[in-house]
Amino acid sequence: MGSVDDMHSEQAQREEQLSTWHQRPATALAADASAAETVLRRRRPDPSCWDAVVDAVCSRKSSYDDDHALVQAGPAVSRHADRIAASLRQQQGFSGTAVGHRVQVLALALAGTGDLRALPALRRLAEHGGLAYSRPEARVMTALPAAELVEVLLVKMRCDADGYHGNTTALDLLALCGAAAAPAVTEVARRLDTPYAYDAMRVLGGIGPAAAGTTDRLAAYATGRDPRTSRHHPRRAAWAHWKVTGDPALALDVCGAAVTSGSGSNGLPFLADLGPLAAAHADTVYGLMESPGGWTRVAAAHAYWRITGDPEPAVPVLLAEVDPDWTGRPALPVQEAVCRLGEIGAPAAAAAPSLRRVLASEERLCHPYVSTRIIIDTAYTRTLTEALERIAPGAADPGAEIEPAGRQVRLRGLRGW
């Protein structure tokens, strides 16, 4: 058996090969690209490529690429759901208790299609630490109904009470469930006493009034009275306090102070959510549209539009961040800018030609690793499609539309403000 270093070296070579695949001539690609390499590289592969990936995994002849491609496939393999489910049952064994790697691959792939037959295996994986710990990879499970997903995540949190990945991934998914995560309030509230308090606040804010029992704890974090408060906690806690109580006073005070103190980017998303309630901070937000940081400029443009309803100053700032040659590097706020232009709608019509050109590309984003490339590219493509539909209805290329998979997930460098 090779050493760990050998394994990492082989994986690094594989990643490098795929990251440069898009630069090769089309004839060479057609001659030697495998089915898995094709679906990892191309946005609209021939369905036969997905057929081959499913066949490889279900017949136990899969490669590293096959496994990662199938986990990310989502609706692209819905027509194979019966075969995947049958293979999953077989892999779980007679008692249905096996929780190995292949069980995880098949369970996540089935979950990505929204098929409830994935749930028993996911629960077993949750009990034994087998659920995906990569946030993008785990998000394939959001194709499942929120109520069922919350049950699985509760099992995960109870069985992995102190684990870093178990907590951060479960809390991330619960936040995406919004108010449907209410059955998890008690378990999430316990995380306010742990290093995962910030992520727990995001969930509690999404749950809203059903998390009223945490009001005092959130206020303590927002005001710094809680001894565990770090510099990141007050804004998130104040926002969550507003969402839970309906009273915006604390959020306006804390997030407004952040924007005027020189740490504007940390308060801007929350002021944007407050909208016209934050009108007193409009001038400060306007000035931050000239910030040297791209993420801050985008956040300021979005916040200014949300607060004032005036798109004219915001659109040029957002449009300047839309790079048609973006490779998927999360340091650049390209996808965030596209999303915000889409929210503005028709007044952002100047963005439509650039968005159409990006959407028409056959090549996926090449920067993300194999294990998340399809997920991240699909999220970007969906953001482009939805933005175009809002800006100029009917302008998106029908061939480029991505079938929705559960709650809409936009991957913003995993910042998840």
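The values are calculated or read from the model by the stated rules, or taken from the named source; none is laboratory data. In this text, all values refer to a predicted model and were calculated from it rather than measured experimentally. Neighbour counts are summed over all protein chains in view; Cβ atoms, including those assigned to glycine, are modelled from backbone coordinates with ideal geometry. Areas reflect the complete protein model, heavy atoms only, side chains present, ligands, DNA and RNA absent. Shrake-Rupley method; radii C 1.70, N 1.55, O 1.52, S 1.80 Å.
What is the log10 of I(q)/I(0) for the stretch 114-184, computed with the Debye formula using one identical point scatterer on each Cα and no solvent, at q = 0.11, 0.14 Å⁻¹? Values returned for q = 0.11, 0.14 Å⁻¹ are -0.20, -0.34. The residues of the chain expose, per residue, 43 Å² of accessible area to a 1.4 Å probe.
For Glu363, nonlocal amide neighbours, meaning residues 5 or more places apart or on other chains whose placed amide H falls under 5 Å from its own, are Arg43. Diagonalising the gyration tensor over the Cα atoms of the stretch 177-272 and scaling each eigenvalue by 5 before taking the square root yields semi-axes of 21, 14, 11 Å, largest first. Cut-off 10 angstrom, C-alpha nodes, Gaussian network model of the chain. Which of Ala279, Ala73, Ala81 fluctuates the most? Judging by the Gaussian network model, the answer is Ala279. Taking 35 Å as R0, compute the FRET efficiency from the Cβ-Cβ separation of Ala249 and Ala147 and round it to 0.05. Efficiency for this residue pair is about 0.55.
Summing Lys and Arg as +1 and Asp and Glu as -1 over all other residues whose Cβ lies under 9 Å from the Cβ of Ala251 gives a net charge of -1. Taking all protein chains together and rolling a 1.4 Å probe, Leu365 ends up with roughly 10 Å² accessible. Note on exposure: Arg364, Arg357 ranked by accessible area (1.4 Å probe, complete protein assembly) read Arg357, Arg364, with the most exposed listed first.
Once neighbouring chains are kept in place and the probe is 1.4 Å, which whole percent of the accessible area of the chain is contributed by carbon and sulfur? On the chain, the fraction of accessible area on carbon and sulfur atoms equals 53 percent.
Quick one: Kirkwood hydrodynamic radius for the stretch 46-194, alpha-carbon pairs, angstrom, one decimal? It is 15.5 Å.
With all projection directions averaged, the alpha carbon convex hull of the chain covers 21.2 nm². Accessible-area rank, largest first, for Asp377, Asp247: Asp247, Asp377, with all protein chains present and a 1.4 angstrom probe. Applying the criteria of a DSSP loop state and at most 14 other Cβ atoms within 10 Å to the trypsin sites (Lys or Arg not before Pro) of the stretch 202-311 yields Arg225, Arg228, Arg231. Please compute the net charge surrounding Glu187, taking Lys and Arg as +1 and Asp and Glu as -1 over other residues with Cβ under 11 Å from its Cβ. Here the charged neighbours net out to +4.
Whole-percent P(r), the stretch 347-389, all Cα pairs, 10 Å bins from 0: 28, 50, 20, 3.
Can you give the calculated 222 nm mean residue ellipticity of the chain, where each DSSP H run of n ≥ 4 adds -39,500 (n - 2.57) and the sum is split over every residue, rounded to the nearest 500 deg cm²/dmol? Calculated at 222 nm, the ellipticity per residue is -17500 deg cm²/dmol.
For the stretch 227-356, the alpha carbon positions stretch 49, 29, 26 Å along the principal axes, listed from largest to smallest. Size descriptors for the stretch 235-278, from the alpha-carbon set: Rg then Dmax equal 9.2, 28 Å. The stretch 306-331 and the stretch 366-396 have their alpha-carbon centroids 15 Å apart.
Against the criterion of solvent-accessible heavy-atom surface with a 1.4 angstrom probe, Tyr221, Tyr164, Tyr64 sort, most first, into Tyr164, Tyr64, Tyr221.
For the options Gln72, Gln335, Gln90, a Gaussian network treatment of the chain with springs between C-alpha atoms closer than 10 Å singles out Gln90 as fluctuating the most. For the stretch 90-132, the residues whose amide N sits under 13 Å from a probe point set 7 Å from the Cα of Arg158 along the beta carbon direction are 123-124, 126-128.
The percentage of C-alpha pairs in the stretch 72-125 whose separation is greater than 14 Å is 41%. The C-alpha atoms of the chain define a longest principal axis, and helix 101-112 lies at about 60 degrees to it.
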